[in-house]
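Colleague: Sending over a structure as structure tokens; questions will come in a sec.
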Amino acid sequence: MLLSQALPKLRLYYSEGSPYARICRMALREGGLVAKVQEAVTTLRDPAASVLTHSPVGRVPALVLEDGTTVTETTLILGWLDRVGSQPAMLPVDAVGLAAYGRVLGLLDGIAVWNRELRRPVDERSPSVIALEVTRAGRVADVLEEAVVAGAYNSVDAGYLALAAVLGYAEKRHTVWRWRLDRPGLARWFGQASERACFLETVPPPSGI
């Protein structure tokens, strides 16, 4: 077999600190697609970022297909991974599963905004934006506490991986959020999820926030 034929046909660009990309990287491992997709780390907010060759958006995750087409955004990439044979499939097909996944994505989006504000110089931060996202995060986490205690997020799918990614992000890169306080069910759930190989192989570096 020629070397070019043996190489993976798909390439997933990611940054080590991105929880959005981490969801896709965990999905590769859970879905049995690691051998089919090459993972390539890239810088972000950098005019020399390697991902810009394939996507003018310059964000991760970005999945480059065989013909050079680049698919961006976590949910769209998970859908594509399902199309190429992820076992199990990652995207829920029922309304309850989609709602569970969307709830965690909303939490992750809010945490990302909150974290971005904290990375600004103090005099450039928006107290109202931070207050909004603190409230949102607490409200969603309370609902997630009830959900996991009731047995939700037990199957490994997009919702499960997204929840593991956002809590893992809070552990390493957004430690100002004390999400464990008064949420023992969520803490237990995270303890179990963090033992999976897909989680251990994709742990982000700490950021100090």
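Colleague: How big is the C-alpha Rg of the stretch 1-122 next to the rule-of-thumb value 2.2 N^0.38 Å, as a ratio? Before the final figure, lay out each step's value.
Modeller: Working: Rg = 15.6 Å, N = 122, 2.2 N^0.38 = 13.7 Å.
With N residues counted in the stretch 1-122, Rg over 2.2 N^0.38 Å equals 1.14.
Colleague: Roughly how compact is the stretch 118-206, stated as its Cα Rg over 2.2 N^0.38 Å to two decimals?
Modeller: After normalising by residue count via 2.2 N^0.38 Å, the value is 1.18.
Colleague: Among 198, 24, which comes first, then next, by fewest other beta-carbon atoms within 10 Å?
Modeller: Numbers: 198 19, 24 31.
Fewest-to-most ranking of 198, 24: 198, 24.
Colleague: Then there's this: Can you work out ³J(HN,Hα) from phi for every residue in the stretch 133-143, in order, using Karplus 6.51 cos²θ - 1.76 cosθ + 1.60 and θ = phi - 60°, giving whole Hz and x for Gly and Pro?
Modeller: 6, 4, 5, 4, 4, x, 5, 5, 4, 5, 5
Colleague: About the Cα centre of the chain, how large is the charge dipole given +1 on each Lys and Arg Cβ and -1 on each Asp and Glu Cβ? Please answer in debye to the nearest 20.
Modeller: 300
Colleague: Quick one: what are the phi-derived ³J(HN,Hα) couplings along the stretch 173-185, Karplus 6.51/-1.76/1.60 with θ = phi - 60°, whole Hz, x for glycine and proline?
Modeller: 10, 8, 6, 5, 8, 8, 5, 6, 4, 6, 10, x, x
Colleague: Only one of the listed values, (1) 17.5, 60; (2) 15.5, 44; (3) 16.1, 48, was derived from the coordinates as Rg and Dmax of the Cα atoms in Å; which label is it?
Modeller: Only one option fits the structure, namely (1).
Colleague: Counting only residues 5 or more places away or on other chains, whose amide H sits under 5 Å from the amide H of residue 14 once H atoms are built in the peptide plane?
Modeller: Residues meeting the criterion, in which the H sits 1.01 Å from N, are 40, 41, 42.
A short reminder: the numbers here are calculations on the coordinates, not readings from a lab. This one's a predicted model, so the numbers in the text were calculated from it and none came from an experiment. Quick reminder, even Gly has a Cβ in these numbers, built from the backbone with ideal geometry, and neighbours come from all protein chains shown.
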